[in-house]
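In what follows, a single structure is set out as structure tokens and then discussed.
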Amino acid sequence: MSSNSIELESWEKIYKQECLSFKASMQTQARILRNDPESQGVDRIKDVRKELISLSHQAERIKEAAFEMVDETPDSVYVRNGTPEWLSSRFGDPQLEQVCISMEYSLDRLAFELRSDPSMDLLVAAHLEQMSDDIEMDFL
């Protein structure tokens, strides 16, 4: 296996792992908000808020992994399948970057909303579920 093949596989793997981990974590937080599996009541909100902040930082890592993949392995399946606007800065800020920044902002805002009003748990859960679906459609 050539070093280029290893690089390609590595960046694709890192990108995919970040996206799948991000998606799974959002789904987990939505389940916790909807179902309160450990019967913690309002106390679970604090843990979910911390995880939402962590997810906000992970959105930045997804963006970084995507751009490293574009730079280092332009023949990646994710690069080939993406639209030019999704990954290229020739057309202004790449859409992927805009979406990641939007996700970071949304996750921070959702954490703030939960802090301000814990009764927003079901609304936040629905938003996380939608974001999870968007990750599947847009990033994977």
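The values are calculated or read from the model by the stated rules, or taken from the named source; none is laboratory data. Here the structure is a predicted model, which means the values were calculated and not measured. Ideal geometry is used to build each Cβ from the backbone, glycine not excepted, and the neighbour counts take in all protein chains shown.
Taking the stated definitions as given, is Asp138 surrounded by fewer than 19 Cβ atoms within 10 Å (Cβ to Cβ) and either assigned to a helix (DSSP H, G or I) or out of contact with any Pro (no Cβ under 9 Å at 6 or more places or on another chain) (or both)? Let's see the steps before the verdict.
Working: surrounded by fewer than 19 Cβ atoms within 10 Å (Cβ to Cβ): yes; either assigned to a helix (DSSP H, G or I) or out of contact with any Pro (no Cβ under 9 Å at 6 or more places or on another chain) (or both): yes.
Taking the combined requirement at face value, the residue satisfies it.
For residues that are modelled with pLDDT of 85 or more and exposed (fewer than 14 other Cβ atoms within 10 Å of the Cβ), tally how many sit in the range 8-22.
Adding up the residues that qualify gives 2.
How about the range 33-49: which of its residues are assigned to a helix (DSSP H, G or I) and free of Cβ contacts under 8 Å to residues at least 40 places away in the same chain?
Here is the first cut: in the range 33-49, the ones assigned to a helix (DSSP H, G or I) are 33-35, 43-49.
Result: Asn35, Asp43, Arg44, Lys46, Asp47.
Name the one entry in Glu72, Glu60 that is of a type in the set (Asp, Glu), surrounded by fewer than 20 Cβ atoms within 10 Å (Cβ to Cβ) and either touching a strand residue (DSSP E or B) at 6+ places or on another chain (Cβ under 9 Å) or closer than 17 Å to Asp138 by Cα (or both).
Working: Glu72 fails: either touching a strand residue (DSSP E or B) at 6+ places or on another chain (Cβ under 9 Å) or closer than 17 Å to Asp138 by Cα (or both).
On inspection, the qualifying residue turns out to be Glu60.
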